[in-house]
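Just below is one structure, and these are the notes that go with it.
The values are calculated or read from the model by the stated rules, or taken from the named source; none is laboratory data. Because the structure is predicted, anything quoted here is derived from the model rather than measured. Quick reminder, even Gly has a Cβ in these numbers, built from the backbone with ideal geometry, and neighbours come from all protein chains shown. To get the accessible areas, we keep the full protein, side chains included, count just its heavy atoms, and leave off ligands, DNA and RNA. Shrake-Rupley method; radii C 1.70, N 1.55, O 1.52, S 1.80 Å.
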Amino acid sequence: MEYDFRKIEAYWQEYWQKNQTFKTDNHSDKPKFYVLDMFPYPSGAGLHVGHPLGYIASDIFARYKRLQGYNVLHPMGFDAYGLPAEQYAIQTGQHPAITTRKNIERYRRQLNLIGFSFDWDREVQTCDPAYYHWTQWVFIRLFHSWYSKKERKAMPDTILTERLEKEGNASLLEEAACSAHDVFSAQDWAAFDEKKRSEILMNYRLAFLSDTMVNWCPKLGTVLANDEVVNGLSERGGYPVERKLMKQWSLRITAYAQRLLDGLETLDWSDSLKEMQRNWIGRSVGAEVRFEIENGAAKGLSEGLRIFTTRPDTLFGVSFMVLCPEHENIAALTTPEQKAEVEAYVHYARNRTERERQAEVNKVSGVFTGSYALHPFTGEKLPVWISEYVLAGYGTGAIMAVAAHDSRDYRFARHFNLPVRQVVAGGDIEKEAYETKDGTLINSRFLDGLCVKDAIARMVQEIEARGLGKAQINYRLRDAIFSRQRYWGEPFPIYYKDGIPHTLSDDKLPLLLPEVDKYLPTEEGEPPLARAKNWQTEDGFPLETCTMPGFAGSSAYYLRYMDPHNNRALVSEDANKYWQQVDLYVGGAEHATGHLIYSRFWNKFLFDLGLVCQDEPYRKLVNQGMIQGRSNFAYRINWTAYKEFLERNPQGGLPGITAEMVRKADKLLFVSKNIPGREAFCDPVHVDIHLTDNDVLDTEAFRKWMPDLAGAGFILEEGRYICGAEVEKMSKSMYNVENPDQIVERYGADTLRMYEMFLGPVEQSKPWDTKGIEGVFRFLKKFWRSCFDEETDSCILEETEPSKEELRILHKTIKKITDDTERFSFNTAVSGFMIALNELSELKCHKKAVFEPLAILLSPYAPHIAEEIWRALGHDQSIAYATLPVYEEKYTVENSFNYPVSFNGKMRFNMELPIALSPAEIEKAVLESEQAAKWLEGKTPKKVIVVPKRIVNVVL
RNA sequence: GCCCCGAUGGUGGAAUCGGUAGACACGCAGGACUUAAAAUCCUGUGACUGAUGAAGUCGUGCGGGUUCAAGUCCCGCUCGGGGUACCA
């Protein structure tokens, strides 16, 4: 029988499972290697062919590393908490755990069909109490920690309270990463009650409760983190998002901004991904400056107004000030005459959704408060305005406006007729702001004549000397909002006593997710957990009703795989010491500003606590591209458009369409793609890609596809109906979903694996196109025939010594495959196998000494067929335990090289010369050759360039 | 707008360090085997000139440049993809 992939694959998958082939031990003499995939969210739709792309790549690498003698950790699990299961639960009343379990089982089955070498013993699921036990445990640690900028690490809150007792918070305001708050002394602290103390400590804790402006999504009934909002809409579902002030749990990830930035330097990640993280963290260097308010004392603003700027050099160009609509000093600054107008504006700004704000970025709006700030150097009166182009969350929520050198200030100034004052020479400020940072300072007293860079330094110096402010670094990164008003997530290990939050003690963990009667908020608008009976501690204190967000469970899962069954610790010290960090992490770039930042932060925190031994979790990261769908279209005649078309082109009618049909205009008629005029009178409609072959429509199958297509007619070209094609997202509604199960059923897992790799570089996004899969399938069939007799299924590999040529092919291939695998170029590796097989079949080679090492090389790519060959050769252990063949140069070195000889860079002839010749000897041999004489025509060359084993170029 | 990445035959792509562009595969055309089909095998396949030969010219989005030599490096564009967006 020919290559029977179904039998082979079923046999080996069962074998691997029975023999625990891929079970990994935490103790080994071998060096370790940790290959990790981003674990999937098990959606109801199951896997499509795009999902396994990264898993195949990482599996190849894991198997390859095993062959190299590494002890490889290659686990898989499920990011099981998430919105879709909960939305489904709301609609159907079915518990999300049931849906999730069902989806996980389906995912696991689909993954196993592809033949991955996962150690399923280590599987984790974020919704499993044994797992979220440790998510809650880490949260408690975050709660009881603060960040010291001096020590550059997280510290326990016991040290914090000691210091507050001893010295108040004056020194801590500088040293600690904290929310803005008032200064107090040790005596004040002693006088504060418990509630006040708890509130103050919240300003320091790494997991803290605060009133924050949050992204509130009314449709989902929950708040969202910044990375979960895309273009002002929720990432999941695409619902509108509003800004709202709410009491929420947050993680003080901003404390780690600089370390998250610095850490990138040590990582082997793609430049584009590092750049994305850098932009997201958004470090900017500048100064914080205090502006006095005119009659400030009378207004209760003797402290003045603090602003942040990255351009202190332009301070003499300030012509007005702008506050964000949420600014705390607005009430104090607003004069009675302006009160009505200011209130109206603030009200307007507050009720705008994020989407509205973003859509109308260019719309200028604002209002004058009636008050004036005083220029710190000139004493000039600067009107204080309010506008929504100044953001509450960044800097101090207030700016000094330099219309001449900032395009937003410029727009604002032009709109409200405010002065524009140039202080850096260059550009044409009549037309637009001059934002470029080259040019010398003008109209700026002591800065005049300096370049921008020097002027910034000089001004910062001056500001600090006069006590007006200080140099300051700001980050765009915001603290991560950590509460979700949702059911299907980890409960917080928090209870409230007299309104003060306390953490549960460790022995009360895990705090189990309770049962509820409905997965909706309560009538009072409380989150679903408020519906749970007895949602309180044993002592009757109410528990937190919010749950944690999706990124909570995914932030430390890579650590849990190291020691998944440990019920005393997240990960034991031993296991962590052995596995260290993930050596290779494969996943989509869409997690650049979410999971990959949170996870690095989480890891750094655990590192500070001494719980893990590496500062960074993922040493090398590879982003696999997305596989898009390739949709097919049929073109349905739009009869109205057709009639119009006929009026314009009386001769342009299609054959086969009778006047009767046009008059009745009720027949479904589809026109093949290349019929002239088609675009003018046809509407494209999606066709299921499984009804086409090479864009040729199976018209009979199409008629049966949907009931109303039964009587459809077709206008063919050359007897066939050709469909159009377009690359789109893979989605059910576009009928372009290719399912791995179907491919495996038809061609086998080995073909699917190799084909997905053959499609192109792993990092690249590309449309799925089944067209080329036959080529890979043919290769595997041919490989099979080289090793087995098709009639008897018996192995035909011979024991005879391979020829020199055969050894050359083998070793060339060993080198190519190992090099390509090492540099993640799996597509060229697959080509390498094909070339080797083509060459060997030309030699009619069926030698064991050649195919045995080839099978080992092939095993990461097509493990099932490789195992079958390995077994047929009499080995009684899985090929996973084989040793990777080593490339030996002696079989492939040539003793001569065929030099391309060019004249003035144009190739004229090839010349075979011994490899041992020196460049001078090569030059001599070439110039003295008969062929050269023809091109030299007696002339003496000006120069001869000889690059050994490359080229000879004669310059005439 | 800003940042990053890309553009190579009919198609997916290869060319790893500046050195014979188009490997490998698909598709297409022709052929062998077959009653036929499937499967398999063989040949051809960047464009143009030439006779279908020999041979030659052009050719890696566009325009310049560096170099004996450029898909690869530099400058200026065009188009496409991704990220980000009043971040002061």
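Points worth noting:
- Index of the failed condition, residue A:631 passing every other in (1) open to solvent by less than 20 Å² (accessible area, probe 1.4 Å); (2) at pLDDT 90 or above: (2)
- Breaking point among (1) within 11 Å of RNA strand B (Cβ to nearest atom); (2) outside any loop (DSSP other than H, G, I, E, B); (3) surrounded by 16 or more Cβ atoms within 10 Å (Cβ to Cβ), for residue A:358: (3)
- Single residue of region A:794-813 satisfying the filter (among the hydroxyl-bearing types (Ser, Thr, Tyr) and open to solvent by less than 70 Å² (accessible area, probe 1.4 Å)) that is nearest to RNA strand B (Cβ to nearest atom): A:813
- Inter-residue pairs, beta-carbon under 8 Å, first closer than 14 Å to residue A:215 by Cβ and in region A:352-370, second open to solvent by 80 Å² or more (accessible area, probe 1.4 Å) and within 10 Å of RNA strand B (Cβ to nearest atom), 6+ apart: A:355/A:231; A:358/A:231
- Test for residue A:296: is it away from RNA strand B (no atom under 16 Å from the Cβ) and under 23 Å from residue A:581 (Cα atoms): no
- Filtered residue count, region A:929-952, keeping only those that are open to solvent by 100 Å² or more (accessible area, probe 1.4 Å) and not charged (D, E, K, R): 1
- Among the conditions (1) surrounded by fewer than 23 Cβ atoms within 10 Å (Cβ to Cβ); (2) more than 26 Å from the chain's Cα centre (by Cα); (3) of a type outside the set (Val, Ile, Thr), residue A:89 misses just one, which is (1).
- Tally of residues being basic (Lys, Arg) and without any contact (Cβ under 8 Å) to a residue 24 or more places away in the chain across region A:245-293: 2
- Residues that are more than 9 Å from RNA strand B (Cβ to nearest atom) and among the charged types (D, E, K, R) within region A:840-864 comprise A:844, A:847, A:848, A:852, listed in sequence order.
- The number of residues in region A:924-956 being within 14 Å of RNA strand B (Cβ to nearest atom) and at positive phi comes to 1.
- Residues in region A:679-695 that are crowded, with 18+ Cβ neighbours inside 10 Å and either within 16 Å of RNA strand B (Cβ to nearest atom) or farther than 19 Å from residue A:708 by Cβ (or both): A:681, A:689, A:692, A:695.
- Taken over region A:520-550, residues that are closer than 16 Å to residue A:484 by Cα and either among the polar types (S, T, N, Q) or open to solvent by 20 Å² or more (accessible area, probe 1.4 Å) (or both) amount to 10.
- Across region A:299-315, the qualifying residues are those that are buried (at least 22 other Cβ atoms within 10 Å of the Cβ) and near RNA strand B (Cβ under 10 Å from one of its atoms), and the one among them that is nearest to residue A:588 (Cα to Cα) is A:309.
- The C-beta contact set for region A:223-235 (first residue of a type in the set (A, V, I, L, M), second residue part of a loop (DSSP other than H, G, I, E, B) and within 8 Å of RNA strand B (Cβ to nearest atom), distance under 9 angstrom, 6+ apart or interchain) comprises A:225/A:478.
- Count of region A:477-500 residues which are buried (at least 19 other Cβ atoms within 10 Å of the Cβ) and either without any contact (Cβ under 8 Å) to a residue 12 or more places away in the chain or not basic (Lys, Arg) (or both): 16
- Helices (runs of 4 or more DSSP H) fully within region A:853-956 that include at least 3 residues being free of Cβ contacts under 8 Å to residues at least 60 places away in the same chain and farther than 23 Å from residue A:58 by Cα: A:919-927, A:930-936.
- Number of the condition not met by residue A:239 [criteria: (1) within 15 Å of RNA strand B (Cβ to nearest atom); (2) open to solvent by 30 Å² or more (accessible area, probe 1.4 Å); (3) over 18 Å from the mean Cα position of the chain (by Cα); (4) of a type in the set (Phe, Trp, Tyr)]: (1)
- Of the residues A:399, A:442, A:386, the single one that is more than 25 Å from residue A:246 (Cβ to Cβ) and within 14 Å of RNA strand B (Cβ to nearest atom) is A:399.
- Candidates A:766, A:782, A:771, A:816: the one that is of a type in the set (Lys, Arg), in contact (Cβ under 8 Å) with a residue 12 or more places away in the chain, buried (at least 18 other Cβ atoms within 10 Å of the Cβ) and within 9 Å of RNA strand B (Cβ to nearest atom) is A:816.
- The test for being open to solvent by less than 20 Å² (accessible area, probe 1.4 Å) and either hydroxyl-bearing (Ser, Thr, Tyr) or away from RNA strand B (no atom under 11 Å from the Cβ) (or both) does not hold for residue A:378.
- Failed item, numbered, when residue A:757 is tested on (1) open to solvent by less than 30 Å² (accessible area, probe 1.4 Å); (2) more than 14 Å from RNA strand B (Cβ to nearest atom): (2)
- Some residue of region A:296-304 being within 22 Å of the chain's Cα centre (by Cα) and free of Cβ contacts under 8 Å to residues at least 24 places away in the same chain: no
- For region A:211-236, filtering for residues that are open to solvent by 70 Å² or more (accessible area, probe 1.4 Å), out of contact with any Phe, Trp or Tyr (no Cβ under 6 Å at 6 or more places or on another chain) and more than 14 Å from RNA strand B (Cβ to nearest atom) leaves 2.
- Just one residue in the set A:926, A:955 is β-branched (Val, Ile, Thr) and either open to solvent by 30 Å² or more (accessible area, probe 1.4 Å) or closer than 30 Å to residue A:859 by Cβ (or both); that residue is A:955.
- Under the condition of being closer than 23 Å to residue A:301 by Cβ, part of a loop (DSSP other than H, G, I, E, B) and within 12 Å of RNA strand B (Cβ to nearest atom), the residues counted in region A:402-422 number 1.
- Selected residue (criterion: farthest from RNA strand B (Cβ to nearest atom)) from residues of region A:1-25 that are outside any helix (DSSP H, G or I) and touching an Asp or Glu at 6+ places or on another chain (Cβ under 7 Å): A:23
- Set A:322, A:318, A:289, A:342: member being within 14 Å of RNA strand B (Cβ to nearest atom), over 40 Å from the mean Cα position of the chain (by Cα) and buried (at least 19 other Cβ atoms within 10 Å of the Cβ): A:318
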